[in-house]
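Just so you know, all these numbers are worked out from the coordinates, no wet-lab data involved. In this text, all values refer to a predicted model and were calculated from it rather than measured experimentally. Cβ placement follows ideal geometry from the backbone for every residue including glycine, while neighbour counts extend to all protein chains displayed.
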Amino acid sequence: MHTSLFRVTAISVSAVAAIGVTGCGDSGSQPDTGESAEQSASAEVNALLLTTDELPAGFRTMPIPAGQVAQAANSVLDVAKGATISPAECAATGTADDSGMVMLMAVSGSTTVTETVTPGGGGSLDDVRASRTGQCANVTATIGNGGGAAESRITSDPIDLSDTAADDVFAVEQTSTSTFNGREVASTTLLAWASVGDYAVTVTSAGAVADDPDVNTFRQTVTSAIDKVAAASR
């Protein structure tokens, strides 16, 4: 399993806004990104992403062009690596290799949901669990130094997702309280990782500041994403 890929996928979600995506549409569309064999493989995996009709009511999808996921993820991961994490064992490591990963973003009001599907990424989620539980359930991240330093206190609480078709699944509600120049801002992000056959599936949901994403809607989205991949893997 691509352990580092699983661990940095949540970070890559933060980079979606930096990707040059224009327009909104159904996730079944596939951009022209290379040779026909590559297009065929990418289209096959892209078909595993949720469509507008399969998402909770009110969401509209925005597919992410193939080949841009890892580039965006690594740019954000570089920032994460520059942060001082305590405990140090909980710091992000590795680089992101998209390995055929496909991604979509869906938006409803102030809530954004991002899904990724990666072929050949199925396997144990032990490292993911370790990075969000135990001593890593509560971490502090500091970026910068001196008067311009920003500090975040990040807490991860597990979310029950036991009733799914996944081989393994793990989800958390992540609350981040950040302080910059004396000002404090809190935000909540919901994250799920799943191994479904030979595929790795992730779903992340975030709202605007002071507008937390709905946990029940998140559970529904994760279950739908897993079930779609599981059905195709039989």
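Give the calculated FRET efficiency between Asp227 and Asp126 to the nearest 0.05, with a Förster radius of 35 Å applied to their Cβ-Cβ distance. Result of the calculation: an efficiency of 0.90. As a calculated quantity, the FRET efficiency between Phe180 and Val215 at R0 = 30 Å, using C-beta atoms, amounts to about 0.65. A crude spin-label estimate for the pair Thr84 and Ala47, with each label 7 Å from Cα along the Cβ direction, gives 5.2 nm.
Could you sort the peptides 155-162, 122-129 by per-residue average Cβ neighbour count (10 Å cutoff), highest mean leading?
So the order, starting with the most tightly packed, is 122-129, 155-162.
Multiply the residue separation of Ala150 and Asn138 by 0.36 nm, subtract the distance between their alpha-carbon atoms, and state the gained length in nm to one decimal.
Values: separation 12, 0.36 × 12 = 4.32 nm, distance 1.69 nm.
Answer, rounded to one decimal: 2.6 nm.
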